[in-house]
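S.K.: My questions all concern the structure below.
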Amino acid sequence: MSRRHSRQSGLSRRSRKPEPHIALWMLRLLTSPEGLHRFVRKDELAHDGLAVALGLGHWIHPEEQAFSPRAVRAELFDLLEQAQQACADAPLPAMLQDNVQRLAALVGLDALEVRILAFAACLHTEPLLEKTANMLEVLSSIQVVQTLALVLDVPDEQMRQALNHEGPLARSGLVVLGRSGRDYLVQKIDLLSDTFAARLTSEITDPIALLRGKIAPAAPGHLQLSDYAHIQSMLDIMRPWLRHALAGQRSGVNILVHGAPGTGKTELARTLARDLGCELFEVVSEDEEGDPIGGERRLRALRAAQSFLAQRKALLLFDEVEDVFNESPVKRSPAQSHKAWINRTLESNPIPTLWLSNSVHDLDAAFIRRFDIVFELPVPPRQQRQRIVQAHCGNLLDAARLAHMAEAEHLAPAVVARASTVAQVIEAEVGCTASANAFEQLVSHTLQAQGHRPLLRHDPNRLPEVYDPAFIHADTDLLQLADNLAIAQQMEGMGSGARLCLYGPPGTGKTAFARWLAQQLDKPLLVRRASDLLFMYVGQAEKNIARAFGEAQDDGAVLLIDEVDSFLQDRRGAQHGWEVTQVNEMLTQMEGFAGVLIASTNLMDGLDAAALRRFDLKVKLDYLRAEQAWALLQRHCAQLGLSAPGAAVQARLARLRQLTPGDFAAVVRQQRFRPLPSTDALVMALEAECALKQGAKNAIGFV
């Protein structure tokens with residue numbers, strides 16, 4: 001027995017008789033000119049398993065007669081005629097028939113498109129049909145159309161129209177014809193998903209379940225609309241617009257929400273869906289095996305979902321749109337490769353879609369302009385953060401810890417909601433103190449994992465207990481300045497902007513005065529240092545500057561920009577274009593800011609002249625006068641429990657010409673780990689602080 005005969009005999013024994021419609025399709029493939037040529041050879045059949053399945057097993061090494069290709073062909077055509085008569089009135093298997101009819105009603109398929117869908121499903125699930133199709137070997141797209149027309153007995157042109165990329169099959173993603181290259185028929189006919197055909201032929205299912213691995217019902221949200229009060233103006237636009245679309249009165253509704261990770265974009269979508277009383281489905285980014293899905297296949301999933309959900313009251317959520325829109329140096333983005341389709345989708349999609357992105361920097365402007373609403377979701381301002389923490393964990397935190405938590409500038413609602421869920425369980429199991437500590441730890445670690453600063457263990461904006469603006473040596477009456485600003489704020493509201501520049505040596509109290517002034521005006525303080533605003537990439541610093549002013553405006557905060565000399569250098573000495581654009585952005589934001597801006601610098605001489613003109617008031621803070629230093633020393637001695645200083649100490653203190661409030665603060669901090677046993681020790685420590693400054697100057701003079 002030959003090796004081929006042995007192998008094929010094994011196939012013969014395992015072969016089974018196909019269902020009538022499968023047999024008909026197999027016979028139509030095998031009686032095509034190419035099929036006959038490849039299946040019926042000169043002295044044998046090419047595939048014994050197919051021969052047995054179709055009732056041609058007697059031609060496998062016939063014992064009573066010689067192998068006759070002509071007789072085999074004739075018998076094939078006889079079998080074809082019998083199969084056509086048997087299938088004339090016979091429906092598809094009940095399960096497949098029910099499922100394809102459901103889909104036909106859902107996405108609007110005609111009779112031929114239903115037959116194409118049924119054939120494609122069987123091709124991907126019936127090994128005998130796939131083996132038969134493989135007899136034709138690789139096909140071009142034109143040959144695929146001709147082959148399907150032959151199998152389903154329709155004109156080529158009619159088949160071409162049914163498989164058109166604008167037709168319901170392709171538009172819904174159910175059946176898509178591969179347009180490039182040559183391949184086997186089963187590879188050229190792409191279905192909705194890898195498991196789609198198996199589900200379609202093996203169970204009667206809800207059509208939405210057929211999208212498993214493509215879209216999924218979104219998880220319930222944890223937040224309320226009140227958690228998004230900081231974007232109330234946008235909610236007032238989005239909610240009626242989405243209601244209008246969900247009522248079936250508008251197609252092509254698309255909203256692009258962008259913002260840094262963790263700001264609550266996904267939670268916003270879930271909250272909106274609950275508020276609007278509709279379902280929310282998410283285009284997944286991972287398949288059922290947990291592997292990532294590329295942008296191309298996610299677009300197909302979106303296309304299918306638009307067809308499948310057209311008759312439901314639903315929203316679609318497409319997260320991480322970077323997968324689709326962002327270009328790379330070596331590969332075009334899926335959106336650019338299918339630009340016409342993307343544009344049509346954004347203009348005519350029946351299901352309102354929320355598109356979420358961490359950044360819109362790389363999105364083509366041609367795409368952006370087709371979204372109805374585009375807005376950035378920022379981290380909530382401090383007052384809103386405090387309300388969110390209060391709502392979720394107000395029973396766990398006292399007022400001081402709650403206010404301290406709200407100071408975290410990157411604290412997003414979703415982080416609070418998830419941490420509070422864990423903390424509430426811990427409270428029930430262990431107690432309130434443990435749950436409060438756990439809540440703070442969870443939030444802190446999450447912020448750190450997101451690349452932000454963890455929660456600080458102390459309030460950076462808390463003023464020392466001994467603070468008094470009388471201990472600041474300024475060329476302006478600071479108390480009168482605060483009173484006048486408060487009066488102006490009351491009379492004119494947020495429209496009364498004020499721009500102050502505080503300059504002078506380090507430690508003279510510029511930052512502390514800004515904190516005190518914010519308290520006097522009953523406003524939060526937003527502090528931004530050069531390290532917060534400057535960035536290595538061109539253009540990012542300008543965005544950071546604009547964001548800082550925007551956050552202060554939204555929160556009604558006093559904005560303190562420390563080390564402002566880092567990006568307000570005189571443009572006449574600029575050597576790079578970005579140095580000029582940073583100054584320009586700063587000036588633009590200063591002009592439009594309606595709140596109180598305080599800029600501080602140790603280096604006044606190098607500031608841009610145009611920037612200096614934009615400050616309403618420039619206040620110099622200098623080293624302490626002798627009487628101020630003496631009063632401040634007395635205040636600290638009383639606070640630390642030290643003996644009252646005498647005349648000798650006062651004389652020593654008067655010799656310190658470069659003493660600042662910052663020097664006192666530094667010495668008091670040292671007292672935590674190097675106790676000061678006496679007033680004399682305190683003064684010695686102040687002398688050491690000043691000596692460092694004087695030493696630095698002397699060293700420079702000898703160079």
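The values are calculated or read from the model by the stated rules, or taken from the named source; none is laboratory data. Keep in mind that this is a model prediction, so the values were computed, not measured. Glycine gets a Cβ as well: all are built from the backbone with ideal geometry, and neighbour counts include every protein chain shown. Heavy atoms of the whole protein, side chains included, go into the accessibility calculation; ligands, DNA and RNA do not. Shrake-Rupley method; radii C 1.70, N 1.55, O 1.52, S 1.80 Å.
S.K.: What does the helix-only formula give at 222 nm for the chain: each DSSP H stretch with n ≥ 4 adding -39500 (n - 2.57), the total divided by the residues, and the result rounded to the nearest 500 deg cm²/dmol? Intermediate values should be presented prior to the final figure.
M.R.: On the way: 34 runs with 367 residues, N = 703.
Calculated from helices alone, the mean residue ellipticity at 222 nm is -15500 deg cm²/dmol.
S.K.: Checking the a/c ratio against 1.5 first, then a/b against b/c, what shape does the Cα gyration tensor give for segment 311-383?
M.R.: oblate
S.K.: Another question, if that's okay. In terms of modelled amide H atoms, which long-range or inter-chain residues lie less than 5 Å from the amide H of Val619?
M.R.: When sequence neighbours closer than 5 places are left aside, the close amide H contacts are Cys501, Leu502, Tyr503.
S.K.: Determine, from the Cβ-Cβ distance of Gln187 and Glu166 and an R0 of 22 Å, the FRET efficiency 1/(1 + (r/R0)^6), rounded to the nearest 0.05.
M.R.: On the way: r = 23 Å, r/R0 = 1.04.
Using R0 = 22 Å, I get an efficiency of 0.45.
S.K.: Quick one: Cα centre-to-centre distance for segment 542-565 and segment 377-455, in angstrom?
M.R.: Answer, in whole Å: 24.
S.K.: Over what distance in Å are the Cα centres of segment 592-649 and segment 50-125 separated?
M.R.: What the calculation gives is 92 Å, centre to centre.
S.K.: Over the chain, average the accessible area per residue using a 1.4 Å probe and give it in Å², no decimals. Kindly include the intermediate steps, with their values, before the conclusion.
M.R.: On the way: 33500 Å² over 703 residues.
Counting only protein heavy atoms, the per-residue value for the chain is 48 Å².
S.K.: For Tyr503, what accessible area in Å² do you get when you roll a 1.4 Å probe over the heavy atoms of the protein chains, rounding to the nearest 10?
M.R.: About 50 Å², rounded to the nearest 10.
S.K.: Rounded if a/c is under 1.5, else prolate if a/b is larger than b/c, else oblate: which is segment 172-254, with a ≥ b ≥ c the root eigenvalues of its Cα gyration tensor? Walk me through the intermediate numbers first.
M.R.: Details: a/c = 3.00, a/b = 2.22, b/c = 1.35.
In terms of gyration-tensor shape, prolate.
S.K.: Continuing with the same structure: Arrange the peptides 441-453, 270-282 so that the one whose residues have, on average, the most other Cβ atoms within 10 Å appears first.
M.R.: Details: 441-453: 15.8, 270-282: 19.0.
Ranking, from highest mean packing down: 270-282, 441-453.
S.K.: In terms of modelled amide H atoms, which long-range or inter-chain residues lie less than 5 Å from the amide H of Leu315?
M.R.: When sequence neighbours closer than 5 places are left aside, the close amide H contacts are Glu279, Leu280, Phe281.
S.K.: On a C-alpha basis, how far is the centre of segment 139-175 from the centre of segment 244-312 in Å? Whole number, if you could?
M.R.: 30 Å
S.K.: Can you compute the charge dipole magnitude of segment 191-300 about its Cα centre, using +1 on each Lys and Arg Cβ and -1 on each Asp and Glu Cβ, nothing else charged? Give it in debye, rounded to the nearest 20.
M.R.: Values: 12 positive and 15 negative charges, 100 e Å.
So the dipole magnitude of segment 191-300 works out to roughly 480 debye.
S.K.: Which sequence of Leu268, Leu246 reflects their accessible areas, 1.4 Å probe, from the largest down? Walk me through the numbers before you get to the answer.
M.R.: Working: Leu268 5, Leu246 30 Å².
Correct descending sequence by accessible area is Leu246, Leu268.
S.K.: To the nearest 10 degrees, how steep is helix 626-640 against the longest Cα principal axis of the chain, on a 0 to 90 scale?
M.R.: Its long axis makes an angle of about 70 degrees.
S.K.: Enter the angle in degrees (range 0 to 90, nearest 10) between the Cα long axis of helix 478-492 and the first principal axis of the Cα atoms of the chain, meaning the one along which they spread out most.
M.R.: 50 degrees
S.K.: Run the numbers for Glu63 and Phe375: contour at 0.36 nm per residue of separation, minus the present Cα-Cα distance, in nm. Don't skip to the answer; put the middle values down first.
M.R.: Details: separation 312, 0.36 × 312 = 112.32 nm, distance 8.00 nm.
104.3 nm is the gain from fully extending Glu63 to Phe375.
S.K.: Take Thr588, Thr476 and sort them by solvent-accessible surface of the protein heavy atoms, 1.4 Å probe, largest at the top. Working shown, then result.
M.R.: Details: Thr588 85, Thr476 45 Å².
From most accessible down to least: Thr588, Thr476.
S.K.: Now, a different point. Hey, any idea what the orientation-averaged projected area of the convex hull of the chain's Cα atoms comes to, in nm²?
M.R.: Working: hull surface 184.5 nm².
Averaging across all directions leaves 46.1 nm² for the Cα convex hull.
S.K.: At 1.4 Å probe size, with the rest of the protein present, what percent of the exposed accessible area of the chain is carbon and sulfur atoms?
M.R.: Working: 17160 of 33500 Å².
With neighbouring chains kept in place, the figure for the chain is 51 percent.
S.K.: A further question on this structure: Can you give the FRET efficiency for Ser233 and Glu34, using 1/(1 + (r/R0)^6), R0 = 56 Å, r = Cβ-Cβ distance, to the nearest 0.05?
M.R.: Values: r = 66 Å, r/R0 = 1.17.
It comes to 0.30.
S.K.: Between the helical axis of 265-276 and the dominant principal axis of the chain, each derived from Cα atoms, what acute angle in degrees is found, rounded to the nearest 10?
M.R.: Result, in degrees: 70.
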